[in-house]
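The structure under discussion appears below in the form of structure tokens.
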Amino acid sequence: MKIQELKVARIGNSRGVRLPASSLRRYSVGSVMIMEERTEGILLRAKGPAVEKLSWDETAREMAVANEDWSEWDVLDADGLDSVPWEVSKGGKVGEKRFPYVSRSRSRKEAVKRYEVRWADLDPARGAEMAKTRPVVIVSLDELNARLQTVTICPITSQLHPAWRCRQPVRCVGRPAEIAVDQIRTVSKVRLGPSVGALSADEASLLRKLITEMFGE
């Protein structure tokens, strides 16, 4: 969690602080905020019900019974996009030609960068794996991305579960979404489509911490 020092300024008989515009956008803060007085200090948050993250055990229990449907990325319909803005080559499926683990050099135009958000074709999927074409976040190191034929990704879903500990809120294609760290996987680069943006430095930092909490302890 990023910590910033803010100056307290006089506003009449009260005091106030300036909040960074990037933080207000990230947390969808409008013209009204909620202030909570807690034993450890003052908490400022966007208007609306507070969401407390579940424990890992509670998260797992809810996920087990949620029966999420991965057949669609519903942001496409919500944004009026009639079709996915790229096409996967015919060779980019399970029967694709096998390549050595170390890739040939790629042009700068094709370079895949860490924390970039790209479309990806996740079919065919098995069981409860996320499927279809959807945005994903590249999480593998750029040293690996530059030389290997594979990348490690976290899929993005528009099915929101704010209390689930394994999901990080983010905006994607102009809509609220979540990075599903529980669905992290390594895929071939031939599954990737165009870039649609990238995470901010704060979002990337939170994602690293969540991945470490899930898999590094």
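Where a number appears in this text, it was derived from the coordinates with a stated rule and is not lab data. Only a predicted model underlies this, so the values are computations on that prediction, with no experimental measurement involved. Positions of Cβ are backbone-derived with ideal geometry, glycine not excepted, and every protein chain shown enters the neighbour counts.
Each of Met33 and Asp57 was given a label point 7 Å from its Cα along the Cα-to-Cβ line. The distance between the two points is 3.6 nm. Taking packing as the residue-averaged number of other Cβ atoms within 10 angstrom, the listed peptides 172-180, 201-209, 188-196 run from highest to lowest as 172-180, 188-196, 201-209.
Sparse packing (at most 14 other Cβ atoms within 10 Å of the Cβ) combined with a DSSP loop state is found for the following GluC sites (Glu not before Pro) in region 111-149: Glu129. Gain on full extension, evaluated as 0.36 nm per residue between Gln159 and Arg126 minus their Cα-Cα distance, stands at 10.0 nm. For region 4-19, putting each phi into the Karplus relation 6.51 cos²θ - 1.76 cosθ + 1.60 with θ = phi - 60° gives couplings of 10, 9, 10, 7, 8, 10, 6, 10, x, 8, 10, 10, x, 10, 8, 9 Hz, in residue order, rounded to whole numbers and with x for Gly and Pro. Each residue, Ser22 and Val196, gets one label point 7 Å from its Cα in the Cβ direction; the gap between the two is 2.3 nm.
One chain, two ends: Leu6 and Arg147. Fully extended at 0.36 nm per residue, the span grows by 46.5 nm beyond their Cα-Cα distance.
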